[in-house]
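Engineer: Take this structure, written in structure tokens, and hold onto it; I'll ask about it next.
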Amino acid sequence: MAHSKYLAHHFTDLEQQSDSAKLGMWLFLLTEILLFGGVFVAYAVYRVWHPDTFINAHKELNVVLGTVNTLVLIVSSLTVALAIRDMQLDKRKSCMRNLILTIVLAGVFLVIKYFEYSHKIHLGQLPGKFYTFQGVEGTNPHIFFSIYFLLTGIHGFHILIGMSLLTWMFLKVRKGHFSSEYFVPIEVVGLYWHLVDLIWIFLFPLLYLIG
Amino acid sequence: MTHHHKHHITPLWVYLAIGGALLFLTVVTVLVSFVNLNEITGTHTVNFIVAMIIATTKATLVALFFMHLIYDNKFYLFTLLAGILCLMIFIVITMFDTEFRGQVNPDEGRPIVEQVPSDRFIERAHHEDHSSETHSETTTHAE
């Protein structure tokens with residue numbers, strides 16, 4: 001049996017090798033769900049304790065910017081999925097284009113987030129003891145902004161890491177490291193990127209669209 | 001064990017259809033959020049439930065098609081569901097505590113629910129105790 005140049009010696013074949021890589025990534029994604037889960041639990045507890053505060057405080061968030069960011073992330077999820085498909089079909093140029101598009105969309109997301117953050121910092125809608133804003137009716141409004149900054153902050157950090165990983169993948173594709181025979185690193189980075197999108201799919205209604 | 005040696009290649013139209021559905025559902029969830037379903041139905045949770053149903057639908061589409069769970073080895077799906085199950089246990093058991101601890105021991109339920117007034121919190125309450133007489137009456141100290 002001919003050995004692939006991509007096959008590490010401790011695996012039987014490429015399929016087992018890529019299955020192992022993907023399983024490792026899924027186990028990591030499981031821990032990511034629990035990482036965000038901690039803040040989601042805090043959200044649930046405090047929202048039930050201070051329902052009026054959450055309703056009133058969420059009106060301070062910009063629904064238009066939040067919606068645009070949701071659409072941007074969904075399209076970036078689509079482009080990364082298409083990049084992986086391109087690699088499966090050995091379309092290297094198209095794969096590079098889709099990866100660049102994903103990175104640019106991630107950048108757009110962060111720029112919009114930057115404007116949202118600077119507006120909140122300007123108004124003093126900050127977490128915990130840094131909260132100086134006076135316009136929210138209800139008990140302990142600073143808690144909403146603590147949770148807002150925690151959730152979107154950890155999420156934004158994931159976007160940054162995702163952008164770095166996507167850039168790394170782009171460089172490897174450009175150097176011709178991958179082919180339709182071996183592309184599991186892009187697949188695994190893609191899984192990570194989709195999870196970042198998944199988390200945002202829940203963050204968005206929980207923070208911006210509280211009924 | 002699976003015996004296929006070729007990776008499943010999702011047709012382009014599937015990706016585009018899923019992407020379109022996700023964009024559509026995003027617009028729907030935003031529009032629905034402007035309708036006060038809680039008032040119409042006389043409850044407190046209908047808007048929240050509708051938003052979560054739409055979010056879960058979107059998440060399922062991403063996981064099944066973009067993340068290939070529908071085609072891949074089902075053990076990955078199992079891993080994801082195990083994570084979600086752990087999260088559910090985390091949320092439900094915590095909520096049982098925070099929501100019902102007052103019914104088991106009324107004294108323990110109180111100090112956490114009764115917080116300081118709206119635009120004040122503990123550090124500032126201390127500070128204003130010294131600076132102004134009028135605010136000292138309204139501030140209570142959480143334990």
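The values are calculated or read from the model by the stated rules, or taken from the named source; none is laboratory data. As the structure is a computational prediction, the values presented were derived from the model and not from experiment. Because the Cβ atoms are built from the backbone with ideal geometry, glycine has one as well, and the counts that use them run over all protein chains shown.
Engineer: Pull up the stretch A:96-126, narrow it to residues that are closer than 22 Å to B:Pro11 by Cβ and out of contact with any Phe, Trp or Tyr (no Cβ under 8 Å at 6 or more places or on another chain), then point me to the one that is surrounded by the most Cβ atoms within 10 Å (Cβ to Cβ).
Structural biologist: Only one residue tops the list, namely A:Asn98.
Engineer: Ok, one more. Please go through the stretch A:168-179 and give me each residue that is in a helix (DSSP H, G or I) and out of contact with any Leu (no Cβ under 8 Å at 6 or more places or on another chain), ordered by number.
Structural biologist: Within the stretch A:168-179, A:Trp168, A:Leu171, A:Lys172, A:Arg174 meet the criteria.
Engineer: Just name the residue that is nearest to A:Ile84 (Cα to Cα) out of those in the stretch B:31-44 that are in a loop (DSSP other than H, G, I, E, B) and among the polar types (S, T, N, Q).
Structural biologist: B:Asn36
Engineer: Sort through A:Ile84, A:Ile100, A:Ile121 and tell me the only one that's in contact with a Gly (Cβ under 9 Å, 6 or more places away or on another chain), assigned to a helix (DSSP H, G or I) and hydrophobic (A, V, I, L, M, F, W, C).
Structural biologist: Result: A:Ile84 is the single residue among A:Ile84, A:Ile100, A:Ile121 that is in contact with a Gly (Cβ under 9 Å, 6 or more places away or on another chain), assigned to a helix (DSSP H, G or I) and hydrophobic (A, V, I, L, M, F, W, C).
Engineer: Can I ask one more? So which residues in the stretch A:43-81 are within 20 Å of the chain's Cα centre (by Cα), among the hydrophobic types (A, V, I, L, M, F, W, C) and part of a helix (DSSP H, G or I)?
Structural biologist: Within the stretch A:43-81, A:Val63, A:Val64, A:Leu65, A:Val68, A:Leu71, A:Val72, A:Leu73, A:Ile74, A:Val75, A:Leu78, A:Val80, A:Ala81 meet the criteria.
Engineer: So which of A:Phe36, A:Phe40, A:Phe115 is within 15 Å of the chain's Cα centre (by Cα) and assigned to a helix (DSSP H, G or I)?
Structural biologist: A:Phe36
Engineer: Something else now. Given (1) β-branched (Val, Ile, Thr); (2) more than 23 Å from A:Leu105 (Cβ to Cβ); (3) part of a helix (DSSP H, G or I), where does A:Ile159 come up short, assuming only one miss?
Structural biologist: It fails just one condition, (2).
Engineer: Hey, another quick one. Taking only the stretch B:45-72 into account, find how many residues are among the small types (Gly, Ala, Ser) and either closer than 13 Å to B:His8 by Cβ or in a loop (DSSP other than H, G, I, E, B) (or both).
Structural biologist: Total satisfying the criteria: 0.
Engineer: Does B:Ala17 meet the test of being exposed (fewer than 15 other Cβ atoms within 10 Å of the Cβ), in a helix (DSSP H, G or I) and either under 16 Å from the mean Cα position of the chain (by Cα) or modelled with pLDDT of 95 or more (or both)?
Structural biologist: When the stated conditions are applied, B:Ala17 passes them.
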